[in-house]
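What follows is a set of notes on a single structure, which appears directly below.
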Amino acid sequence: MAGHSDSNSSEKKSSEAMNDVPTFSAENLQNNMKVIYYSRTFMSIIGGVLAGILGFTGFMGFVLYLLVMAITSIGLIAKAKFSVHAYFDSWNRIILDGFMGGLMSFVLFWTFAYDIVHIF
Amino acid sequence: MGLGVIIGVFGVLILSHAAYSTIQYRGLLKIMEEEFSGPPMNVVLELLLGFVFCIWAALTVPGKFLSIHPDSEENRIVSLSANLDFMIFNHRAKAFPLEIDMKLKH
């Protein structure tokens, strides 16, 4: 009996066979979200340093931020081998998550780098 | 993961070298009293190279994506959480002599 187990180490969202509610491993999903968060935060910081060194001020800097986030999204989708539904439950997670938090880090490192390179 | 960290550090070093070059370039422009419109082309190339290294590091260092399907190949092994509810101590190891006794006789 010890070998017969059809439950998972995961929490199931629903286990009814009648309703077709998809179940997934929440622990793995959380791991994937953590990976995305780390990747995006690091790329925001690098994007900020880049904007500061290039000397962007004002609107151009935010355009660069959007560009860096788009490149990061594409990189993450490529890392998931383009089958997003095997690793996440919706597209929004891989595209939009961490956007706002990254914006704060971006502006911080943008001002740091700009000050160091262009003002002092 | 070790290689990813090395490449990330390398990318950051390249970026800081580019920053230093830009600082020197600005100093030069101040002497020649011209406006700063953008770093020189080789600095831009260096920035691009450092950026590519950092992207590579950002995608490989944090770890792999794990599949969330319950019935996929890599989710087959089930492990219960290691908390006290599942630990039993009333098993047949009590047939062994106590290690304390063995050590005293030695």
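A few comments on the model shown:
- Checking B:Thr60 against (1) open to solvent by less than 40 Å² (accessible area, probe 1.4 Å); (2) at pLDDT 85 or above; (3) of a type outside the set (A, V, I, L, M), the condition it does not meet: (1)
- Test: residue in the stretch A:60-72 that is within 13 Å of the chain's Cα centre (by Cα), assigned to a helix (DSSP H, G or I) and farther than 30 Å from B:Tyr25 by Cβ: no
- Count - residues of the stretch A:34-63 that are surrounded by fewer than 21 Cβ atoms within 10 Å (Cβ to Cβ), small (Gly, Ala, Ser) and free of Cβ contacts under 8 Å to residues at least 60 places away in the same chain: 1
- Matching entry among B:Ser37, B:Ser21 (being under 22 Å from A:Ala113 (Cβ atoms), modelled with pLDDT of 85 or more and small (Gly, Ala, Ser)): B:Ser21
- The single condition from (1) at pLDDT 75 or above; (2) within 20 Å of B:Ala58 (Cβ to Cβ); (3) of a type in the set (Val, Ile, Thr) that A:Ile94 fails is (1).
- Residue tally, condition surrounded by 13 or more Cβ atoms within 10 Å (Cβ to Cβ) and either more than 7 Å from chain A (Cβ to nearest Cβ) or basic (Lys, Arg) (or both), over the stretch B:36-47: 3
- The residue pairs whose first member lies in the stretch B:30-46 and is touching a residue at least 24 places away in the same chain (Cβ under 8 Å), whose second member is open to solvent by 50 Å² or more (accessible area, probe 1.4 Å), and whose beta carbons are closer than 9 Å, counting only pairs six or more residues apart or on different chains, are B:Val43/B:Tyr25; B:Glu46/B:His17.
The values are calculated or read from the model by the stated rules, or taken from the named source; none is laboratory data. Worth saying up front: this structure is predicted, and the values here are computed from it rather than measured. Because the Cβ atoms are built from the backbone with ideal geometry, glycine has one as well, and the counts that use them run over all protein chains shown. Remember, those area values only see protein heavy atoms, side chains included, never the ligands or the DNA or RNA. Shrake-Rupley method; radii C 1.70, N 1.55, O 1.52, S 1.80 Å.
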